[in-house]
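The next block holds one structure in the form of structure tokens; read it before the comments.
The values are calculated or read from the model by the stated rules, or taken from the named source; none is laboratory data. Everything numeric here is computed off the predicted structure, so don't read it as measured data. Don't worry about glycine lacking a Cβ; one is built from the backbone with ideal geometry, like all the others, and counts go over all protein chains shown.
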Amino acid sequence: MPSMYSTIYVDDIREIKEENPFESMMSRFDRAAQLLDLDPDLYAVLRVPNRELKVYIPTRMDSGRIQVFEGFRVQHNFARGPAKGGIRYAPDVNLDEVRALAAWMTWKCAVVNVPFGGAKGGIICDPQQMSVGELERMTRRYAAELLDFIGPEKDVPAPDMNTNEQTMAWIMDTYSMHARHTVTAVVTGKPIDLGGSSGRREATGRGILFVINEAIKRFKMTPAETRVVVQGSGNVGGIGARLLHEAGYTVVAISDIHGGIYNPAGINIPEALDYLRTTRSFEGYEGVDFVNNQELLELECDVLVPAATENQINSQNADKIKCKVLAEGANGPTTAAADEVLHKKGIFVIPDILANAGGVTVSYFEWVQDRMGYFWREDVVNERLQDKMVASFNDLCRYADAHSVDTRTAAYMLAIDRVAYDTRMRGIYA
Ligand code: GLU
């Protein structure tokens with residue numbers, strides 16, 4: 001769609017590549033900005049990140065030699081509070097991806113109305129090939145390079161792909177050593193004993209359960225008759241599948257990076273995940289059919305949860321997706337080119353910036369608890385998470401109805417509207 005905004009302001013005309021998550025994010029942003037009739041000054045400010053840092057990270061490897069890794073931290077927006085977002089370690093992470101993920105954090109925090117902006121970090125590395133010592137030294141040096149830019153009031157990192165509670169503990173410790181006192185609120189997703197929050201580890205999966213519970217009501221379905229397919233078995237997919245199974249859903253398929261298992265009668269998820277943990281693959285698991293990750297997405301089901309990585313649902317396979325509800329566990333699992341196809345098929349999309357916002361919501365609770373120095377019971381955390389997810393789901397559906405747009409567009413419009421309002425109130429320091 002030709003956009004007035006694009007012609008006026010997009011100075012760096014590039015070939016639009018479907019698999020570039022930043023392009024996917026921008027084309028949805030443009031559409032929402034246009035529908036909101038966003039003031040051009042606000043558009044000019046919100047379409048770019050606030051700051052992009054690129055750091056080189058010398059790391060002593062076990063061989064005794066130094067290897068220099070490349071890392072990023074993109075701080076997209078601070079209008080509503082400190083920037084917030086995870087750090088991922090992957091061989092193929094790049095600046096455009098981190099840039100998109102940082103913007104998604106801004107929109108995500110606005111959709112669930114937590115007082116944060118958005119950020120994301122990444123280091124180009126292959127964590128599977130690195131020892132614990134190498135990972136620790138690389139993480140500490142990365143944290144040291146970011147010292148001036150992160151902090152409880154500035155930018156609060158969290159785990160993302162291939163990073164975890166241990167990674168956050170190292171960052172917290174490095175930051176604290178330089179501050180000369182313990183600063184737990186500099187990161188979230190920490191171990192519970194070091195200022196982490198109960199329920200944080202499960203929060204993204206639990207948030208997905210809460211929004212799926214709301215979505216199936218629209219189809220007058222009960223959990224038991226709802227067949228769910230989950231792509232991914234990590235912190236989001238694995239925990240999400242387990243919680244869905246415990247809540248009585250019929251999870252008919254689940255995968256890891258190598259492929260998936262399928263049984264139309266339902267899979268015993270805790271048992272399958274135990275099997276995966278011990279054998280490191282679903283291969284050989286009995287009583288199921290084996291499918292590859294592409295086939296898995298195209299299975300007959302009621303709810304599809306892509307919880308692996310970006311661009312899984314794209315112009316190549318969107319017309320073959322057969323679910324009623326698409327609950328996006330990953331960030332950016334659907335390309336912008338696929339949106340239209342899904343919409344035409346009548347698939348109800350719970351967009352990533354709502355569906356997976358349970359993680360950052362409990363990160364917000366963790367940050368609050370760290371600053372109070374008073375910690376909540378897990379049932380309190382889960383209940384507050386449920387309140388947030390259900391209220392945000394209903395806000396989004398109301399907004400979509402009021403503006404006669406699909407839920408993806410509504411999520412962007414709602415988020416941009418909130419960030420734009422706050423930016424206008426603060427005034428642009430220009
Ligand atoms: N990495 C998670 C996300 O993409 C969590 C971010 C956070 O808790 O700050 O939402």
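Taking the stretch 67-81 as the search range and keeping residues that are crowded, with 21+ Cβ neighbours inside 10 Å and of a type outside the set (A, V, I, L, M, F, W, C), which one is farthest from Thr423 (Cα to Cα)? Step by step, filter the stretch 67-81, then rank; the result is Gly71. Of all residues in the stretch 106-125, those being more than 18 Å from Leu46 (Cβ to Cβ) and in a helix (DSSP H, G or I) number 0. Residue pairs whose Cβ atoms lie under 9 Å apart, separated by 6 or more positions or on different chains, with the first residue in the stretch 264-292 and aromatic (Phe, Trp, Tyr) and the second at pLDDT 95 or above and surrounded by fewer than 11 Cβ atoms within 10 Å (Cβ to Cβ), are Tyr275/Gly284. Residue count for the stretch 295-324 satisfying the condition of being over 18 Å from the mean Cα position of the chain (by Cα) and of a type in the set (A, V, I, L, M, F, W, C): 8.
Screening Glu366, Glu378 for residues that are within 10 Å of the ligand (Cβ to nearest atom), of a type in the set (Asp, Glu) and closer than 18 Å to Gly189 by Cα leaves exactly one candidate, Glu366. Selection of the stretch 178-194 for residues being loosely packed, with under 15 Cβ neighbours inside 10 Å and not in a loop (DSSP other than H, G, I, E, B) yields His178, Ala179, Asp193. Looking across the stretch 41-85, the residues that are among the β-branched types (Val, Ile, Thr), away from the ligand (no atom under 16 Å from the Cβ) and either touching an Asp or Glu at 6+ places or on another chain (Cβ under 9 Å) or in a strand (DSSP E or B) (or both) come down to Val55, Ile57, Thr59, Ile66, Val68. Taking Thr163 as the residue in question, decide whether it is among the polar types (S, T, N, Q) and crowded, with 20+ Cβ neighbours inside 10 Å. When the stated conditions are applied, Thr163 passes them.
So which of Gly259, Gly237 is within 24 Å of the chain's Cα centre (by Cα), modelled with pLDDT of 95 or more and crowded, with 24+ Cβ neighbours inside 10 Å?
Working: Gly259 fails: crowded, with 24+ Cβ neighbours inside 10 Å.
Exactly one residue qualifies, and that residue is Gly237.
All conditions in (1) more than 15 Å from the ligand (Cβ to nearest atom); (2) under 23 Å from the mean Cα position of the chain (by Cα); (3) outside any helix (DSSP H, G or I) hold for Gln128, with the sole exception of (3). When the stretch 262-292 is filtered for residues that are within 25 Å of the chain's Cα centre (by Cα) and surrounded by fewer than 11 Cβ atoms within 10 Å (Cβ to Cβ), the ones remaining, listed by number, are Arg277, Arg280. Candidates are the residues of the stretch 159-177 that are assigned to a helix (DSSP H, G or I) and of a type in the set (S, T, N, Q); the one that is nearest to the ligand (Cβ to nearest atom) is Thr167.
Let's see how each residue does on (1) within 12 Å of the ligand (Cβ to nearest atom); (2) buried (at least 24 other Cβ atoms within 10 Å of the Cβ); (3) part of a strand (DSSP E or B):
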site: Asp96; (1), (2), (3): no, no, no
site: Trp104; (1), (2), (3): yes, yes, no
site: Arg137; (1), (2), (3): no, no, no
site: Asp148; (1), (2), (3): no, no, no
site: Pro157; (1), (2), (3): yes, yes, yes
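Take the stretch 344-363 and flag every residue that is buried (at least 17 other Cβ atoms within 10 Å of the Cβ) and more than 16 Å from the ligand (Cβ to nearest atom).
Within the stretch 344-363, the subset buried (at least 17 other Cβ atoms within 10 Å of the Cβ) is 347-363.
Result: Ile347, Phe348, Val349.
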